[in-house]
1. What residue, among those in region 65-85 that are over 18 Å from residue 44 (Cβ atoms) and exposed (fewer than 10 other Cβ atoms within 10 Å of the Cβ), is modelled with the highest pLDDT?
2. Find all pairs meeting these conditions: Cβ atoms under 6 angstrom apart; at least six residues apart or on different chains; first residue within region 159-183 and under 14 Å from residue 212 (Cβ atoms); second residue crowded, with 16+ Cβ neighbours inside 10 Å and of a type in the set (Ser, Thr, Tyr).
3. Out of region 182-212, which residues are within 19 Å of residue 169 (Cβ to Cβ) and of a type in the set (Val, Ile, Thr)?
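The values are calculated or read from the model by the stated rules, or taken from the named source; none is laboratory data. Just so we're clear, the structure is a prediction, and the values are computed from it rather than from any experiment. So basically every Cβ, Gly included, is an ideal-geometry build from the backbone, and we count neighbours across all protein chains shown.
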Amino acid sequence: MTARGFLGGGFLSGFGSFSEIATNSISVSGNENLASTSLVRWSSTTDPAGAKDTGLSRNAAGVVEINNGTAGTWRDLKARRGEFVEDLAGGTATVLTLRNSNATGTTQVQFTSAAATKSATVQLDSGGNMVFRNSNSGGANYFDAASGGTIFRNSSFATMFKIEENGAVRIGGASGPTWSSGTGDPESVVTAPQGSLFSRTDGGASTTLYVKTSGAGNTGWTAK
């Protein structure tokens, strides 16, 4: 039986009633036009008159939302696979946006194995940093695409290795020594903690590698 026949030809005007009385599968032949404020809703029980917990509605022009039966209260989607296509002749388009409406929370995409024993996540934390986390084998490892460089962390989220914005590599924690490169003598130019290395790209036989033998500022470099 078609939806139109089920309602005696009053699908549009009786759409609210339709959601209350349709207990079996229905089919629709042809187009059905809904008003901008119309909702398709599901009951949380086998009784269609029960409390509604899932719905479909128009959010904006060309946008459909999944909600809890109340427009604007968004809910979840489960699907086997998905494809997002943007037909764009030149320029740049946003194909997929993930947004956390709570400014203090963390937006996260999680990848989980079929047995849910292994997982990895990509997060945008409240500081605006991208965090990549692997939580397999009972532990966790992270790296952040942060504004100050790329940080590799241990399971306690402590910095173990970092690629600075200027290309220098930092090891052994947030205040550990660095290995950087450039032209000229690093003395009074390159700031780094004691134990750091500097590779001089225009150096000679004994002025190519420098070691920071003292201090935490830009002095204390010794050519090796």
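1. Across region 65-85, the extreme among qualifying residues is 72.
2. Close Cβ pairs (under 6 Å, with a partner that is crowded, with 16+ Cβ neighbours inside 10 Å and of a type in the set (Ser, Thr, Tyr)) amount to 168/178; 168/180; 170/178; 177/196; 178/196.
3. Answer for region 182-212, where residues must be within 19 Å of residue 169 (Cβ to Cβ) and of a type in the set (Val, Ile, Thr): 183, 189, 190, 191, 201, 208, 211.
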